[in-house]
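Remarks on the structure that follows.
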Amino acid sequence: MWTFEAELISWRGPAPYVFAPLSPEMSADVKEAARGLVYWGQVPVIARIGETEFDTAMWPKDGRFLLPIKVAVQRAERIDIGDTVTATIRLSGERR
């Protein structure tokens, strides 16, 4: 499990998502831990921001992973581009 803070960004990826970028160092750690789970470069995770937990898949961009944040999560947690959030992720299928 990893916890990180990130400023939410926009990217031309699938709308209406915003993204929380992981640091390059944490991204490398996740990539190593996710061996065997990665598909098409994506890493399936269960994420939590505030009180909201959700399933998603992170993908690499410019040497780091981006955590896509669904509109339902954005609304529930009242967050948007430019906000700084604390997120916790764990690999999907990983034991708690």
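Can you tell me which residues in segment 84-96 are surrounded by fewer than 15 Cβ atoms within 10 Å (Cβ to Cβ), out of contact with any Ser or Thr (no Cβ under 7 Å at 6 or more places or on another chain) and at negative phi?
Within segment 84-96, THR84, GLU94, ARG95, ARG96 meet the criteria.
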Return yes when ALA72 is touching a residue at least 24 places away in the same chain (Cβ under 8 Å) and not charged (D, E, K, R) and no when it is not.
-> no
May I ask you to list the residues in segment 83-96 that are modelled with pLDDT of 95 or more and part of a loop (DSSP other than H, G, I, E, B)?
-> ASP83
Subset of segment 17-28 (residues that are in contact (Cβ under 8 Å) with a residue 12 or more places away in the chain, under 15 Å from THR3 (Cα atoms) and aliphatic (A, V, I, L, M)) = ALA20, LEU22, MET26
Please go through segment 1-24 and pick out each residue that is of a type in the set (Ser, Thr, Tyr), surrounded by fewer than 16 Cβ atoms within 10 Å (Cβ to Cβ) and not in a strand (DSSP E or B).
-> SER10, SER23
Any residue at all in segment 25-36 that is over 17 Å from GLY93 (Cα atoms) and in a strand (DSSP E or B)?
-> no
For segment 42-80, what are the residues that are surrounded by 12 or more Cβ atoms within 10 Å (Cβ to Cβ) and in a loop (DSSP other than H, G, I, E, B)?
-> GLY50, LYS70, ILE79, ASP80
Taking first residues from segment 29-52 that are modelled with pLDDT under 90 and second residues anywhere that are assigned to a loop (DSSP other than H, G, I, E, B) and of a type in the set (Ser, Thr, Tyr), the pairs with Cβ under 8 Å that are 6 or more apart or on different chains are LEU37/SER92
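The values are calculated or read from the model by the stated rules, or taken from the named source; none is laboratory data. Just so you know, these numbers come straight off a predicted model, no measurement behind them. Virtual Cβ from ideal backbone geometry, glycine too; neighbours counted across all protein chains shown.
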